[in-house]
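Report on the following structure.
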């Protein structure tokens, strides 16, 4: 049963997807061996959190009101996209 599922999964994935996942797995393996993974994970978390904060309407309003910055414009959002 597992062999059948594995073959079906393999047929569903594109070669480029498989290559990307292989590269990611190899990178994670090397990073873990070299003990870089915690630092990389922390950096990725910080970047993700900052992006999420930039997307909030409250933060955009504060930046617009206090500093005159158009954060929504930086993020490529226009018009109705700002409320999404």
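Quick notes
- Relative to the current alpha-carbon distance between residue 63 and residue 27, full extension at 0.36 nm per residue lengthens the span by 9.2 nm.
- Under the shape rule built on the C-alpha gyration tensor, where the axes satisfy a ≥ b ≥ c, the range 35-84 is prolate, since a/c reaches at least 1.5 and a/b is greater than b/c.
No lab work stands behind these numbers, since they all come straight from the coordinates. The model shown is predicted, which means the values in this text are computed figures rather than measured ones.
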